[in-house]
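Asks: This is the structure I have questions about; it appears just below.
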Amino acid sequence: MGGVATLYRCKAPSDLVCRCGKVARRLRAMEIDFDEVRVPFLKRDRPEVEELTGQRWVPVLVHGDEVVHDSHRILEYLNWIKGQEVP
């Protein structure tokens, strides 16, 4: 996966309790470098997420020109990206 990815995620202290953590675990398992932006707990305090997606839910993955939100869609995107790599 070329370029640096950015994962907008909640402030949960563990990767085991939320959908954001599930995406973070998958990124690490796939050895994809990514930056994390921990957003405020209250959705009303997430204007940067709304600017990217038109909504305020996380996780949101930004990779190049791609902006993907919803953990299931992000995992599908990661699987698609991995399938595009030449072995």
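Asks: Could you check how many residues of the stretch 61-79 are more than 16 Å from Arg28 (Cα to Cα) and within 13 Å of the chain's Cα centre (by Cα)?
Replies: Matching residues across the stretch 61-79 total 8.
Asks: Counting only residues that are closer than 15 Å to Val68 by Cα and among the aliphatic types (A, V, I, L, M), how many does the stretch 17-38 have?
Replies: Total meeting the criteria: 4.
Asks: Looking at the stretch 44-87 only, could you name the residues that are over 18 Å from Val23 (Cβ atoms) and free of Cβ contacts under 8 Å to residues at least 40 places away in the same chain?
Replies: Matches in the stretch 44-87: Arg44, Asp45, Pro47, Glu50, Glu51, Gly54, Asp65, Gln84, Val86, Pro87.
Asks: Looking only at the stretch 29-87, filter to residues that are of a type in the set (D, E, K, R) and at positive phi; which one of those is modelled with the lowest pLDDT?
Replies: Here the answer is Glu31.
Asks: Within the stretch 6-87, which helices (runs of 4 or more DSSP H) (wholly inside it) include 1 or more residues that are open to solvent by less than 80 Å² (accessible area, probe 1.4 Å) and among the acidic types (Asp, Glu)?
Replies: Fully inside the stretch 6-87 and qualifying: 47-53.
The values are calculated or read from the model by the stated rules, or taken from the named source; none is laboratory data. Quick caveat: nothing in here was measured; it's all calculated off a predicted structure. Neighbour counts are summed over all protein chains in view; Cβ atoms, including those assigned to glycine, are modelled from backbone coordinates with ideal geometry. Quick note on the areas: whole protein, heavy atoms, side chains included, nothing else; ligands and nucleic acids left out. Shrake-Rupley method; radii C 1.70, N 1.55, O 1.52, S 1.80 Å.
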